[in-house]
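Here the structure is laid out as C-alpha cells; the discussion comes afterwards.
The values are calculated or read from the model by the stated rules, or taken from the named source; none is laboratory data. Just so it is clear, the structure is predicted and the values come from calculations on it, not from any experiment. Methodologically, a virtual Cβ is constructed for each residue, glycine included, from the backbone with ideal geometry; neighbour enumeration extends over all protein chains shown. Protein only, heavy atoms only, side chains kept; ligands, DNA and RNA dropped before computing areas. Shrake-Rupley method; radii C 1.70, N 1.55, O 1.52, S 1.80 Å.
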Amino acid sequence: MICRKTPLFLAVSAAVFTLPTYADQSAMEEVVVTADFRQTDVQSIPEATTVVGAAAIEQRSADHLESLLALAPNVNFTSGASRGRFFQIRGIGERSQYVDPVNPSVGLRVDGIDMTGLGGGAGLFDVQQVEVLRGPQGTRFGANALAGMINIESNDPTEQFEGMVSGKLGNYNTKALGAVVSGEVGPGLNMRLSAHQNSSDGYIHNAYLDRDDTNNIDEQLVRLKGNLALDERNTLALTWLYIDVDNGFDAFSLDNNRTTYSDNPGVDRQNTHAAALTWTSEMAEAFDLRVHASGSNGNTEYSYDEDWAYGEYDGTTDNICVTPGTCLANQGGYSSTDQYLRDHRRRELDVRLTSTEAGQLFSGSTDWVVGVYRMTRSEDMTRFYTWNTETFFSDLNTASTAVYGELSVQASDDLVVTTGVRSEQWNTDYDDSNAINNDRTESLWGGKVALEYLLNSTQLAYASLARGYKAGGVNTDQDISEDHRTFDTEFNNALEAGLKSSLLDDTLRTRVAAFYIQRKDQQVKSSLAVQNEDNSGISFQDYLANAAEGVNYGLELETDWALSEQLNWTFSGGWLQTKFIDYQYETADGTFSMNGREQAQSPTYSFANSLAYAVGNGLTLVLENEAKDSFYFSDSHYEESTAYVMWHARVAYDGSNYQLAVYGRNLTDVEQEVRGFHFGNDPRDGYTNERWVQYGDPRLVGVEGKYYF
C-alpha cells in the first residue's frame with residue numbers, strides 16, 4: 001500500500017532484474033529514503049529514486065560503489081583511475097579531473113558527510129543502503145546536485161550488543177577482512193565500530209617491470225558511530241570516518257589490452273579523516289530542529305606514466321623488446337610522468353526546522369521546512385609534470401551560503417502540491433603559479449514544484465518541474481585563449497512524470513518515470529592533444545566551455561516482485577536520448593559542429609536484473625546480469641565504448657550464526673570499457689591518433705564468509 005507520509009528492449013528474452021531483497025519475503029518491507037527532508041518511503045516520494053539495500057549489496061559481493069551503479073536506471077561512471085570516481089546521471093556528469101578545479105554535477109554523501117569528487121573512497125562495508133536520487137536536487141542540495149545525488153548510509157548503532165567478522169578470498173590475490181561491533185556502552189549511548197581492509201593485485205600485467213600489482217587495490221576504512229539520547233526530546237548522532245586508499249594506477253596499454261609497459265606506474269591514493277555531528281530536537285510543539293555539522297580533511301595523489309612505456313627512444317636501435325613478440329619500434333619517442341597532489345578541507349553547517357502535525361499551516365493542510373546552510377572548501381593542488389620547467393601549484397577556496405524552504409499542501413484527500421526553493425550565494429577564489437587569478441561571486445537559485453496524486457490505495461502518480469544549477473568557473477591552462485578563460489553557470493530545467501504502484505497484495509512494486517531535461521549553457525569539457533614544438537611528446541589543453549543548449553530525455557522502470565516465498569525477481573532499466581543543440585567544438589584542425597550528436601557517457605539503454613531463489617535449509621541462489629549500450633567516451637572526440645552484457649552469480653549458505661558463499665562476477669569475462677581516449681601515443685606508428693581504452697573488472701571468483709555474534 002502507498003502512504004504519502006511514511007523501451008522496447010525490456011521485452012527481450014534476456015530480461016534481467018535489480019535491487020534484490022531477501023527471497024523468503026513474500027510481503028515487502030518499507031524502504032525509507034534518508035536523503036529526503038522527511039525520510040519518506042521510496043514508493044511515496046514524488047521523484048525517481050533507487051534504493052539499493054544491504055541484501056543487494058551482499059548478493060553482489062560488492063566492496064565499492066562502482067559495483068552497484070548498474071542497479072540504478074540511466075546511471076553511469078567513468079574510471080581513468082583505479083576506481084570509478086566520476087558519476088553521470090541521465091547523461092549529466094563529469095568524467096575526469098586533472099589541473100582544473102571541478103564543480104561536480106553528481107553529489108556524493110557518506111553518512112551525512114560531503115564526499116563529492118572523492119568517489120574512490122566509497123566503500124560499502126557495513127552499509128545499510130545506497131540511495132540514488134535522479135534529477136536536479138536544487139532545493140535539498142543545491143549546486144553539487146545538478147544531475148542528482150548519491151547518498152550512502154551505513155548501519156546505525158544498536159541497543160542490543162551484536163558483532164560480525166567477515167573475510168573474502170578470490171583470484172588476482174583478492175583478500176578482504178572486516179569486523180563490526182555494536183551495542184549500548186552507557187545509559188542512552190549506543191556505539192558502533194566497523195573496520196575493513198580490501199586488497200587485490202589488480203588485473204594488469206606490467207611486462208616491463210614483470211609485475212602483476214602495478215594496478216593494485218589496497219583500501220582501508222574505519223567508521224565509528226554513536227547515538228546519544230540526551231533526554232526524551234533531544235538526541236545526538238556522531239560519525240567519525242577514516243579512509244585510506246593506496247591503489248596503483250597502470251591501466252592503459254599500448255596494445256589496448258591488460259599488458260602494460262610502463263616504467264613509472266602511477267598511483268591513485270586518498271587519505272581522509274571526516275566527522276559529522278547531528279543534533280535533533282523536538283524542542284517545540286510546532287516543529288523539530290535539526291542541526292547538522294560535518295567536515296573532512298584529507299589529501300589525494302593521482303599520477304600516471306604518460307607515455308605508457310619505458311625509456312627514451314633515442315634512435316640507436318630499431319626495436320625495444322620486453323619479451324619476444326612484444327617489441328616497441330623505435331620512432332623517436334618520449335618519456336613522461338604526471339602527478340597531482342591535492343589537499344582538501346571541507347566544512348558544512350545545516351540548520352533546519354521541520355513542521356510537526358501541530359505546526360501545520362492553513363488549518364492543518366500544509367507541512368513546511370525551512371533551513372540555512374553554510375559551506376566552505378579549500379583545495380590546494382601541486383603538479384609535478386615532466387614538461388613543466390617549474391612546479392605548478394594552485395589554491396581554490398569556495399564558500400556557499402544558502403537559504404531554502406519547502407511547502408507541502410494537502411490540496412484534497414488525494415492531491416498534494418509541494419513547492420521548494422533554494423537561494424545560494426556562491427563564491428570562489430582561485431589563483432595559481434601561472435599568475436591566473438579569478439574571484440567570482442554568483443547568486444544562484446533552484447527549486448521544484450511537484451504534484452502527487454493518489455489514484456487509489458496502491459498507486460501514486462506524480463509530475464514535477466525542477467530547476468538545478470552548477471556554478472561557473474575558470475580554466476587554468478595558460479596556453480588557451482582568453483575567450484576560453486572562464487565559463488558560465490549551467491542551469492537545467494527538468495520535467496518528470498511517474499507512477500509508483502504496489503500490486504498483487506504488495507508482492508509486486510513498480511516505479512516508472514519519464515523525464516525531459518533542458519540544459520542551458522551546458523558545461524562541456526574539451527581536451528585538445530597538441531604535439532610539442534620540439535616533438536618531445538603530447539601536451540593536452542583541457543578546458544570547459546558552454547554549449548548553447550542540450551537536451552536529455554528518457555524512460556526508467558524498476559520492479560521488485562516476490563513471485564513466491566522463495567523466489568524474488570527484480571528489474572531496473574533505462575532508455576536515454578541526449579543531444580547537443582548549437583554547439584561548436586574547436587580543435588587544432590578547425591571548428592566542428594556537434595549539433596545533434598549524443599552527449600558523452602549516455603548509453604541508449606542500460607538494464608540490470610536479479611533472480612534470487614531460497615532453496616531451503618539456508619541455501620540461496622542468486623543469478624544476475626547487467627547490460628549497457630555503447631556510448632561516446634568524450635564530447636571532444638567520436639570514440640565509443642562497446643556494448644556489453646555481463647553475468648554474475650552467488651551461492652550462499654546461512655547457518656544459525658554464520659554465512660558461507662561462493663561468488664562469480666563477469667562470468668563470461670566480458671571486456672567492459674570504463675574509459676576511452678583518442679590521440680597518438682604509440683611510437684610504433686609514429687604517434688598516429690587512435691582509440692585507447694581502459695578495461696573494467698575481468699572474471700572474478702572467490703569465497704567469502706561471515707560470523708555473527
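Using only the heavy atoms of the protein chains and a 1.4 Å probe, how would E442, E690 rank by accessible area, largest first?
E690, E442
Taking amide H positions as placed 1.01 Å from N in the peptide plane, with prolines and chain starts having none, which residues 5 or more places from F287, or on another chain, fall under 5 Å of its amide H?
Close amide H contacts, sequence-distant or interchain: T356.
Compute the relative contact order of the range 18-144 as a whole-number percentage, counting only Cα pairs closer than 8 Å that sit 6 or more residues apart in sequence.
The value is 25 percent.
Hey, with R₀ at 45 Å, roughly what FRET efficiency would N427 and A358 work out to, going by the Cβ-Cβ distance, to 0.05?
0.70
With +1 on each Lys and Arg Cβ and -1 on each Asp and Glu Cβ, how big is the dipole of the range 47-106 about its Cα centre, in debye rounded to the nearest 20?
100 debye
Mind giving me the nanometre distance, one decimal, between the label points for Y653 and N234, set 7 Å out from Cα along Cα→Cβ?
Label-label distance for Y653 and N234, simple model: 5.3 nm.
Can you list the residues, at least 5 places off or on another chain, whose amide H is less than 5 Å from the amide H of N171, using H built in the peptide plane?
Under 5 Å from the amide H of N171 lie the amide H atoms of V701, each far enough along the sequence or on another chain.
In percent, how large is the relative contact order of the range 596-678, given Cα pairs closer than 8 Å and 6 or more residues apart?
26 percent
Straight-line reach from K225: which lysines have Cα under 23 Å away, leaving out those fewer than 8 places along the same chain?
Partners within reach: K706.
For H273 paired with V372, estimate the spin-label separation in nm (one decimal), with each label point 7 Å from Cα along the Cα-to-Cβ line.
Calculated label separation equals 3.0 nm.
How charged is the neighbourhood of V181? Take every other residue with its Cβ under 13 Å from the Cβ of V181, and add Lys/Arg as +1 and Asp/Glu as -1.
Details: positive: R192, R223, K225; negative: D126, E162, E184.
Here the count lands on 0.
Would you please give the FRET efficiency between N256 and L495, computed as 1/(1 + (r/R0)^6) with r the Cβ-Cβ distance and R0 = 51 Å, to the nearest 0.05?
Approximately 0.80, to the nearest 0.05.
I'd like to know which of F125, M149, V110 lies farthest towards the positive end of the charge dipole of the range 102-162, counting +1 on Cβ of Lys and Arg and -1 on Cβ of Asp and Glu.
Result: M149.
Provide the net charge surrounding A81, with neighbours chosen by a C-beta distance below 12 Å and charges set as Lys +1, Arg +1, Asp -1, Glu -1.
Summing Lys/Arg as +1 and Asp/Glu as -1 gives +1.
Can you give the charge dipole size of the chain about its Cα centre, rounded to the nearest 20 debye, using +1 on the beta carbon of Lys and Arg and -1 on the beta carbon of Asp and Glu?
That gives a dipole near 1680 debye.
What is the packing order of peptides 443-452, 247-256, 661-670, taking the mean over residues of other C-beta atoms within 10 Å and listing the highest first?
Going by the mean number of other Cβ atoms within 10 Å, highest first, we get 247-256, 443-452, 661-670.
Looking at this model, which pairs from K520/K628; K525/K628; K470/K579 are more than 21 angstrom apart at the alpha-carbon?
Distance filter (> 21 Å) returns K520/K628; K525/K628.
Keeping all protein chains in place and using 1.4 angstrom, which order do D629, D654, D635 fall into by accessible surface area, from largest down?
If we order D629, D654, D635 from most to least accessible, we get D654, D629, D635.
So, in nm, how far is label S412 from label T158 when the simple model puts each one 7 Å beyond its Cα toward the Cβ?
Rounded to a tenth, the inter-label distance reads 4.7 nm.
If the cut-off is a Cα-Cα distance under 22 Å, which lysines reach K500, setting aside same-chain residues fewer than 8 apart in sequence?
Leaving aside lysines fewer than 8 places away in the same chain, those within reach of K500 are K5, K448.
List every residue whose amide H lies under 5 Å from the amide H of G696, counting only residues 5 or more places away in sequence or on a different chain, with H placed 1.01 Å from N in the peptide plane.
Q672, E673, V674
Using each residue's phi in the range 621-635, evaluate 6.51 cos²θ - 1.76 cosθ + 1.60 at θ = phi - 60° and report the 3J(HN,Hα) Karplus result to the nearest Hz, with x for Gly and Pro.
Per-residue couplings from phi come out as 10, 10, 10, 10, 8, 9, 9, 8, 6, 5, 7, 6, 6, 8, 8 Hz.
Return the Rg/Rh value of the chain, two decimal places, where both radii are evaluated on C-alpha atoms and Rh is the Kirkwood radius. The partial results should precede the final answer.
Details: Rg = 25.4 Å, Rh = 26.5 Å.
Rg/Rh for the chain comes to 0.96.
To the nearest 500 deg cm²/dmol, what mean residue ellipticity at 222 nm is calculated for the chain from DSSP H runs of n ≥ 4 alone, each contributing -39,500 (n - 2.57), summed and divided by the residues?
Rounded to the nearest 500, it is 0 deg cm²/dmol.
May I ask you to evaluate 6.51 cos²θ - 1.76 cosθ + 1.60, the Karplus curve with θ = phi - 60°, for each residue of the range 352-357 and list the ³J(HN,Hα) values in order in whole Hz, giving x for glycine and proline?
Result, ordered by residue: 9, 10, 10, 5, 9, 4 Hz.
Could you go through the range 402-413 in sequence order and give the Karplus-derived ³J(HN,Hα) for each residue, using 6.51 cos²θ - 1.76 cosθ + 1.60 with θ = phi - 60°, rounded to whole Hz, and x for Gly and Pro?
Per residue, the Karplus-derived 3J(HN,Hα) values read 9, 10, 8, x, 8, 10, 10, 9, 7, 6, 7, 4 Hz.
Can you compute the FRET efficiency between I436 and L349 using 1/(1 + (r/R0)^6), with r the Cβ-Cβ distance and R0 = 35 Å? Round to the nearest 0.05.
It comes out at approximately 0.70.
Between the range 209-235 and the range 51-108, what's the alpha-carbon centroid distance in Å?
Centre-to-centre (Cα) distance: 18 Å.
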